[in-house]
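Colleague: Please find one structure pasted underneath; my questions will follow.
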Amino acid sequence: MTMKIADLDIPGNVLLAPMSNVTNLPFRLMCREYGAALTYSEMISSDAVIYENEKTINRGLSAEAERPMGIQIFGNSPHVMREAALRIEELYRPEIIDVNFGCPARLLTKDGCGSALLNYPATMKEIIEELVQNLTTPVTAKIRILKDMEKTLDIARLIEDAGASAITVHGRTRQQQYSGKASHEYARKIKQELTIPVIANGDIVDEISAEQTLQDTGCDGIMIGRAAMGNPFLFKRISHYLETGEMLSHDECARRVADLRYYFDLLEKHGLVHTVDIKSQAHWFTRGMRNGRHIRRSIAVSNNAEEIISSLEKMCKHAL
Ligand SMILES: Cc1cc2nc3c(=O)[nH]c(=O)nc-3n(C[C@H](O)[C@H](O)[C@H](O)COP(=O)(O)O)c2cc1C
């Protein structure tokens, strides 16, 4: 199933969530290759853009092969966010600029950014309006829910009325952080109220939860975060299942290690090796694999990416 955001044709309805320190360019490229319909950058501070903080701005680096892609910004000032978004538009020409109204991290909320803005609907409205009126790029928003359904619906309506082209709903409150189970009832009700595309997010981890969430909410799309960490192949599995109704059979061990190798190659190719911790990334890619204790030990004693890969390859052969 494809979806449309503003005039953009999005080639599917399963999206990769923005994740700080996770969704870098190599990882997004892999997710796209495996069937993620749209990827979002890690969140970028609008203040950092204005003050030309190169490291942060580089989070917007993209490549033709991943398009369409969205760049997510956060901030607390409509004017600063407008200026930052204009600069991002000029630098990277993303297909979408997304506004973070969901991050519960204290680092953001103490400055009134991310999910703290859910308490200030007038400012949220002003931010979206500033962006929509001044950018040529479509603007989308990502929210968390409020406990109160009516207030959550008010916020969703306000985002649509301000001119946003789509909204993503993570079915947890700011207070929940990542605990409890995401409620998709809010996304379902929002979908009934709005005319712009609505994307449901939270706890979608496999083929069945993907299908179930699409069915239960009637949403235009779903967005996957944590379950895709180190597991970009999940997009292939889910797309295949949604298209055919069949589970894709594959050699999990060999697939994970081949993906890790490809990921390291892409980091190298894009000059980004120094930006990640190779060992923790290797842990993500091997999460859930059998023989976890052996895998962890072999990663711990490896000295570089090549050593990690070759010891994992040996383990996979052994497992056959
Ligand atoms: C490590 C990590 C980093 C995240 N960074 C961002 C971010 O930069 N912007 C954002 O809107 N949400 C961020 N999130 C939230 C996710 O986009 C997503 O809404 C949340 O994880 C729920 O989806 P899931 O259950 O599929 O993981 C992050 C989550 C994690 C785990």
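Colleague: Which residues, taken from the stretch 196-206, are open to solvent by 10 Å² or more (accessible area, probe 1.4 Å) and touching a helix residue (DSSP H, G or I) at 6+ places or on another chain (Cβ under 6 Å)?
Modeller: Matches in the stretch 196-206: ILE196, VAL205.
Colleague: Also, quick follow-up: Confirm whether ARG255 is open to solvent by 20 Å² or more (accessible area, probe 1.4 Å), part of a helix (DSSP H, G or I) and either without any contact (Cβ under 8 Å) to a residue 24 or more places away in the chain or within 24 Å of GLU150 (Cβ to Cβ) (or both).
Modeller: Here the answer is yes, as ARG255 does meet what is asked.
Colleague: Restricting attention to the stretch 31-57, and to residues there that are touching a helix residue (DSSP H, G or I) at 6+ places or on another chain (Cβ under 6 Å) and either among the acidic types (Asp, Glu) or open to solvent by less than 10 Å² (accessible area, probe 1.4 Å) (or both), which single residue is farthest from ARG226 (Cα to Cα)?
Modeller: Filtering first and then ranking leaves VAL49.
Colleague: Let me ask another. Run down GLU130, GLU193 and say which single residue is open to solvent by 40 Å² or more (accessible area, probe 1.4 Å) and more than 16 Å from the ligand (Cβ to nearest atom).
Modeller: GLU193
Colleague: Here's a follow-up. Have a look at ARG226, ARG237, ARG256 and point out the one that is closer than 24 Å to TYR40 by Cα and outside the structural domain of PHE27 (by TED's automatic domain parsing).
Modeller: After ruling out the rest, the residue left standing is ARG256.
Colleague: Restricting the first residue to the stretch 15-26 and requiring it to be farther than 18 Å from VAL205 by Cβ and open to solvent by less than 10 Å² (accessible area, probe 1.4 Å), which pairs with a second residue that is more than 6 Å from the ligand (Cβ to nearest atom) and aromatic (Phe, Trp, Tyr) meet a Cβ separation below 8 Å and a spacing of at least six or different chains?
Modeller: PRO26/TYR263
Colleague: While we're here: From the list HIS318, HIS274, exactly one residue is within 27 Å of the chain's Cα centre (by Cα), surrounded by fewer than 13 Cβ atoms within 10 Å (Cβ to Cβ) and without any contact (Cβ under 8 Å) to a residue 12 or more places away in the chain. Which is it?
Modeller: HIS274
Colleague: Out of GLU268, GLU211, GLU243, GLU185, I need the residue that is of a type in the set (Asp, Glu) and either touching a strand residue (DSSP E or B) at 6+ places or on another chain (Cβ under 9 Å) or closer than 27 Å to ASN21 by Cβ (or both). Which one?
Modeller: Matching residue, one of GLU268, GLU211, GLU243, GLU185: GLU268.
Colleague: Taking the stretch 179-197 only, how many residues are touching a Lys or Arg at 6+ places or on another chain (Cβ under 8 Å) and in contact (Cβ under 8 Å) with a residue 40 or more places away in the chain?
Modeller: Here the count works out to 2.
Colleague: Continuing with this model, one more query. Just one of the numbered conditions (1) surrounded by fewer than 19 Cβ atoms within 10 Å (Cβ to Cβ); (2) touching a residue at least 24 places away in the same chain (Cβ under 8 Å); (3) of a type in the set (Gly, Ala, Ser) is not true of SER115; which one?
Modeller: The number of the failed condition is (1).
Colleague: Going by the structure shown, is LYS236 of a type in the set (Lys, Arg), at pLDDT 95 or above and buried (at least 20 other Cβ atoms within 10 Å of the Cβ)?
Modeller: The answer is no for LYS236.
Colleague: Right, next: Being touching a helix residue (DSSP H, G or I) at 6+ places or on another chain (Cβ under 6 Å), without any contact (Cβ under 8 Å) to a residue 40 or more places away in the chain and not in a helix (DSSP H, G or I) is the filter here, so list the residues in the stretch 233-252 that pass it.
Modeller: LEU248
Colleague: If you check every pair at least six apart or on different chains, which have Cβ atoms under 9 Å apart with a residue in the stretch 216-232 that is within 14 Å of the ligand (Cβ to nearest atom) first and a residue that is β-branched (Val, Ile, Thr) and at pLDDT below 95 second?
Modeller: Short answer, once both residue conditions are applied: GLY230/THR286.
Colleague: Surrounded by fewer than 18 Cβ atoms within 10 Å (Cβ to Cβ) and either at pLDDT below 95 or more than 25 Å from PRO232 (Cβ to Cβ) (or both): which single residue out of ARG157, ARG188 fits that description?
Modeller: Residue meeting the stated conditions: ARG157.
The values are calculated or read from the model by the stated rules, or taken from the named source; none is laboratory data. Predicted model, so just to flag it, every value in this text is computed and none were measured. Here the Cβ is made from the backbone with ideal geometry for all residues, glycine too, and neighbour counts use every protein chain on show. When the accessible area is computed, the model is the full protein with side chains, heavy atoms only, and any ligands, DNA or RNA have been set aside. Shrake-Rupley method; radii C 1.70, N 1.55, O 1.52, S 1.80 Å.
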